[in-house]
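Novice: Please find one structure pasted underneath; my questions will follow.
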Amino acid sequence: MTSLLKVDNVVKNFGGLTAVSDVSLTLNTDELVALIGPNGAGKTTLFNILTGVIPPSSGSIVLAGREGTVALNGKSAHKIARLGLSRTFQNIRLFKELSVLDNVMIAMTSRYKEGFWSSIFRSPKFYKTEAQMKAEAIELLKIFEFQGQLDTAAKNLPYGIQRRLEIVRALATKPQILFLDEPAAGMNPDETEDLTQLIMKVQRTFHITVVLIEHDMSLVMKIAQRIYVLEHGSLLAEGTPEEIQQNDKVIKAYLGEEA
Ligand SMILES: Nc1ncnc2c1ncn2[C@@H]1O[C@H](COP(=O)(O)OP(=O)(O)O)[C@@H](O)[C@H]1O
Ligand SMILES: [Mg+2]
């Protein structure tokens, strides 16, 4: 396990509000990390910063990945996605009218540079790339048990399956790090259990780093190897599930709510 993403002293101010305050953390290769904390703690904001949706006010983010060592500060979301950081959002963002297969193929196009011009001129290269993309998309969809549903419109899938499709879309960009923002939100217990298995399978099958924002503590404690706890924009604690469960600060600030 080696260090993959190093986040140092990241701050995000929205006007007078400090949503993320001096956060430093490290993500290693091939691990499943959870980011927990009460509503408004800054979890989504931190994801937005790390994936280039918004710039940090200050601080540094350095990826030591397959393209060498790259500073991510100031890079666009598109560039960061190409460097291998992929995410899902708290709200489902599928193309609802499009098929399952098309949803995944669109996500893949971000990896192919010639997409735009060759799709206009329909060059042989376009056909080759499209055939290749389609085969890859189908293979990925099979792993996640979408066979038989490739032509189904996304809007006709049950909610839990739509969320699963979102994860497949995020994986279609071949990430090194996958960020999942409350993937179990709105799911029933069966769907949550399925999702838990799926996230573990994704992490193990692809040997990628998965960062999970999740409120369901039993899910977090079951699958996370390490946990970061955020409160009022600051890191309160870091550790294994056992360490976090016994951490006095965490018990007081967070787990205490339910105790
Ligand atoms: N674009 C924004 N503009 C202003 N304030 C924001 C913005 N995004 C988030 N915030 C504020 O930052 C804080 C952290 O929010 P968020 O990161 O969504 O928390 P969490 O995901 O932990 O619930 C909240 O007080 C929220 O209202
Ligand atoms: Mg959030």
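A short reminder: the numbers here are calculations on the coordinates, not readings from a lab. No experiment lies behind these values; they were computed from the predicted model shown. Reconstructed Cβ throughout: ideal geometry from the backbone, glycine too, with neighbour counts over all protein chains shown.
Novice: How far apart, in nm, are the 7 Å Cα→Cβ label points at Asp8 and Glu238?
Specialist: Simple spin-label model gives 1.3 nm for this pair.
Novice: Now, a different point. Hey, fewest Cβ within 10 Å first, where do Arg87, Arg226 land in order? Spell out each step's value before the answer.
Specialist: Numbers: Arg87 23, Arg226 19.
Fewest-to-most Cβ neighbours within 10 Å comes out as Arg226, Arg87.
Novice: How much length is gained on full extension from Phe95 to Lys155, taking 0.36 nm per residue of separation minus their Cα-Cα distance?
Specialist: Roughly 20.8 nm would be gained on extension.
Novice: Further, regarding this structure: Would you kindly calculate the mean projected area, averaged across all directions, of the convex hull enclosing the Cα atoms of the chain, in square nanometres?
Specialist: Values: hull surface 59.0 nm².
Result: a mean projected hull area of 14.8 nm².
Novice: Net charge near Gln203: determine it from the other residues with C-beta under 11 Å of the C-beta of Gln203, scoring Lys and Arg +1 and Asp and Glu -1. Before the final figure, lay out the partial values.
Specialist: Numbers: positive: Lys201, Arg204; negative: Asp30, Glu31.
Spelling it out: positives minus negatives among the neighbours equals 0.
Novice: Could you tell me whether region 3-102 comes out rounded, prolate or oblate from its Cα gyration tensor? Rule is a ≥ b ≥ c as square roots of the eigenvalues, rounded for a/c under 1.5, then prolate if a/b exceeds b/c, otherwise oblate. Mind dumping the intermediate values first?
Specialist: Working: a/c = 1.66, a/b = 1.19, b/c = 1.39.
Because a/c hits 1.5 or more and a/b fails to exceed b/c, region 3-102 counts as oblate.
Novice: I would also like to ask the following. How large is the Kirkwood hydrodynamic radius of region 173-259, in angstrom, based on all distinct alpha carbon pairs? Mind showing how you got there, number by number?
Specialist: On the way: mean 1/r = 0.0715 Å⁻¹.
With all distinct Cα pairs of region 173-259 included, I get 14.0 Å.
Novice: Give, as a single signed number, the net charge of other residues whose beta carbon lies under 14 Å from the beta carbon of Thr18, with Lys and Arg counted +1 and Asp and Glu -1.
Specialist: Spelling it out: positives minus negatives among the neighbours equals -1.
Novice: Stretched out fully, how many nm does the piece from Val62 to Glu136 gain, at 0.36 nm a residue minus the Cα gap?
Specialist: On the way: separation 74, 0.36 × 74 = 26.64 nm, distance 2.98 nm.
Gain on extension, Val62 to Glu136, equals 23.7 nm.
Novice: Please sort 36-45, 173-182 by packing, taking for each peptide the average over its residues of neighbouring beta carbons within 10 angstrom, highest first.
Specialist: Values: 36-45: 19.8, 173-182: 21.4.
The packing order, highest mean first, is 173-182, 36-45.
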